[in-house]
1. Only residues that are among the hydrophobic types (A, V, I, L, M, F, W, C) and near ligand 1 (Cβ under 8 Å from one of its atoms): list them for the stretch 22-44, please.
2. Across the stretch 96-112, what is the total count of residues that are out of contact with any Lys or Arg (no Cβ under 9 Å at 6 or more places or on another chain) and surrounded by 12 or more Cβ atoms within 10 Å (Cβ to Cβ)?
3. Between a first residue in the stretch 31-47 that is assigned to a strand (DSSP E or B) and a second residue that is near ligand 1 (Cβ under 6 Å from one of its atoms), which pairs have beta carbons less than 7 Å apart while being 6 or more apart in sequence or on different chains?
4. Kindly indicate whether residue 151 is of a type outside the set (Asp, Glu) and in contact with a Ser or Thr (Cβ under 7 Å, 6 or more places away or on another chain).
5. Kindly list the number of the only condition in (1) farther than 28 Å from residue 27 by Cα; (2) among the β-branched types (Val, Ile, Thr); (3) surrounded by 19 or more Cβ atoms within 10 Å (Cβ to Cβ) that fails for residue 91.
6. Read through the list (1) modelled with pLDDT of 95 or more; (2) more than 16 Å from ligand 1 (Cβ to nearest atom); (3) not in a loop (DSSP other than H, G, I, E, B), then give the number of the only condition that residue 160 fails.
7. I'd like the full set of residues that are surrounded by fewer than 17 Cβ atoms within 10 Å (Cβ to Cβ) and either within 16 Å of ligand 2 (Cβ to nearest atom) or outside any loop (DSSP other than H, G, I, E, B) (or both), limited to the stretch 61-72.
Amino acid sequence: MIRFYHVTKIYKSKNYALQDITITIHPREFCFLTGPSGAGKSTFLKLALGEETPTSGQVLVTGRNLQTITHSEFPYFRRKIATVFQDFRLIPTRTVFENITILLTLQGYSQSEMRKRAFDTLRLVGLQSRMEAFPEELSGGEQQRVAIARALISKPHLLLADEPTGNLDPELAHEIMRIFQEINATGTTVVVATHDKSLITAFSGRVIVLAKGKLIDSGE
Ligand SMILES: Nc1ncnc2c1ncn2[C@@H]1O[C@H](COP(=O)(O)OP(=O)(O)OP(=O)(O)O)[C@@H](O)[C@H]1O
Ligand SMILES: [Mg+2]
């Protein structure tokens with residue numbers, strides 16, 4: 001699902017953000033990506049998303065080599081990859097339904113299909129009764145769950161989450177991890193970057209450890 005082959009990333013600062021990383025994340029795996037601040041976790045996810053390019057080495061995701069992918073193929077590549085970030089930004093003037101179906105609208109789905117998908121996805125995060133609410137009418141944890149629903153509605157093959165529970169109290173953080181595990185059980189590969197050790201010990205999964213840009217433990 002994700003293969004890094006001798007990947008090095010150096011930003012302008014000339015420090016190694018990632019140094020000679022070779023690792024494979026297999027389809028259907030549930031992985032934590034952990035390590036101290038500055039370890040390279042976010043950089044790893046950005047490279048897997050094609051948002052950053054490696055200084056050297058190869059990145060393969062869902063069978064595509066990101067170094068050879070063309071501009072026109074890129075949106076199609078991204079369609080089956082979902083992201084959840086700490087800064088989840090819902091559109092304040094749009095309802096929950098509208099927020100989570102924006103991409104489906106662009107892909108030409110019918111209203112009835114979108115309603116059905118929105119209901120099913122919101123049920124997964126326990127918010128099916130809030131479809132017509134506006135973001136400001138929801139708590140922070142509920143908004144985060146809407147952001148997760150937005151990520152999941154296109155039935156992604158791969159879910160990449162960067163500190164998705166960073167702003168949440170421990171109970172909600174655990175609830176979100178349970179949702180991720182349910183998604184994983186349906187076949188989606190999940191990679192969660194976090195430095196929250198209590199989450200990692202509470203949930204089973206492969207634990208990949210980075211420190212100062214180096215792979216300390218591949219978790220295999
Ligand atoms: N856009 C950038 N330009 C220059 N340096 C960067 C950039 N992004 C990250 N870095 C540097 O690369 C290294 C790895 O950063 P990264 O954000 O990947 O770490 P992280 O493990 O996600 O840390 P955190 O836990 O704080 O989120 C750090 O030294 C950081 O300062
Ligand atoms: Mg980070």
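The values are calculated or read from the model by the stated rules, or taken from the named source; none is laboratory data. On a predicted model such as this, the values are computed, not experimentally measured, just so you know. Don't worry about glycine lacking a Cβ; one is built from the backbone with ideal geometry, like all the others, and counts go over all protein chains shown.
1. Scanning the stretch 22-44 gives 39, 44.
2. Of the residues in the stretch 96-112, 1 are out of contact with any Lys or Arg (no Cβ under 9 Å at 6 or more places or on another chain) and surrounded by 12 or more Cβ atoms within 10 Å (Cβ to Cβ).
3. 33/41; 34/195
4. Yes, satisfied.
5. It is condition (3) that residue 91 fails.
6. Result: residue 160 fails condition (2) only.
7. 64, 65
One line per residue, one yes/no per condition, for (1) free of Cβ contacts under 8 Å to residues at least 60 places away in the same chain; (2) under 30 Å from residue 108 (Cα atoms); (3) in contact with a Lys or Arg (Cβ under 8 Å, 6 or more places away or on another chain); (4) surrounded by fewer than 17 Cβ atoms within 10 Å (Cβ to Cβ):
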residue	(1), (2), (3), (4)
143	yes, yes, no, no
153	yes, yes, yes, no
158	no, yes, yes, no
162	no, yes, yes, no
169	yes, no, no, yes
172	yes, no, no, no
176	yes, yes, yes, no
179	yes, yes, yes, no
183	yes, yes, no, no
